[in-house]
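I have placed the structure first, in the form of structure tokens, so that the comments after it can refer back to it.
The values are calculated or read from the model by the stated rules, or taken from the named source; none is laboratory data. Note that the coordinates shown come from a computational prediction; the quantities given were computed from them, not determined experimentally. Positions of Cβ are generated from backbone atoms using ideal geometry, with glycine treated the same way; all protein chains shown enter the neighbour counts.
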Amino acid sequence: MVALPAPAPVTPGPAIEPPPPEPEVNPIANLAGKWSGHGTMVPILGPNEQFRCIITYEVGEAAARVRQHLRCQGDNHNFDAVTRLDINANKVTGVWAENVYSIRGTLSGQVTEKGFHIQLRSAFFDAKMSVVASRCQQTIKVVPDDRSGSMKLLTATLKKC
């Protein structure tokens, strides 16, 4: 029997470290800036209406105050809504106004992992609003509480990258 040479010792190469984790981004601070895209209003009756939308967020120090300005223009309807969000310990309070229809009210809700969920309240219009965002894209959804108005749903997808 022929003796085989002993295998060469294996020396480990340099350790490959996993990449560092992505830095955690405050979901509210991520909203800062101008976003644009398209939206759809689903009416109670009739065909859906498409919109061109722009939304701007001004985020204050430590993301404790946010001003959101949403403008959407369609063939038959326009929206021009402004909200001021005051954020404390993931709770959201504030005020909102829709300038085309002269509606004003208050809001309350909470910050989520990717945005916020709020309840809009006024004398004439109550709705749930959610904003879900990644670094470059956000989705806004407004669902009226009362189906006696003209709108069933408003959604918009906007980008800033």
Any pair with Cβ under 9 angstrom, 6 or more apart, that starts in the range 22-35 at a residue that is assigned to a loop (DSSP other than H, G, I, E, B) and modelled with pLDDT of 70 or more and ends at one that is surrounded by fewer than 19 Cβ atoms within 10 Å (Cβ to Cβ) and hydroxyl-bearing (S, T, Y)
P27/T112
Just a yes or no: is a residue in the range 121-130 assigned to a strand (DSSP E or B), crowded, with 18+ Cβ neighbours inside 10 Å and within 12 Å of the chain's Cα centre (by Cα)?
yes
Where E58 falls short, out of the listed (1) at pLDDT below 95; (2) loosely packed, with under 14 Cβ neighbours inside 10 Å; (3) at negative phi
(1)
Log entry, pairs with first residue in the range 119-148 being of a type in the set (S, T, Y), second being part of a loop (DSSP other than H, G, I, E, B) and loosely packed, with under 14 Cβ neighbours inside 10 Å, beta carbons closer than 9 Å, six or more apart or on different chains, reads S148/I44
Kindly check whether there is at least one residue in the range 71-90 that is in contact with a Phe, Trp or Tyr (Cβ under 6 Å, 6 or more places away or on another chain), closer than 15 Å to V142 by Cβ and aliphatic (A, V, I, L, M).
no
Residue check: is G74 in contact with a helix residue (DSSP H, G or I) (Cβ under 8 Å, 6 or more places away or on another chain), closer than 20 Å to T157 by Cβ and not basic (K, R)?
no
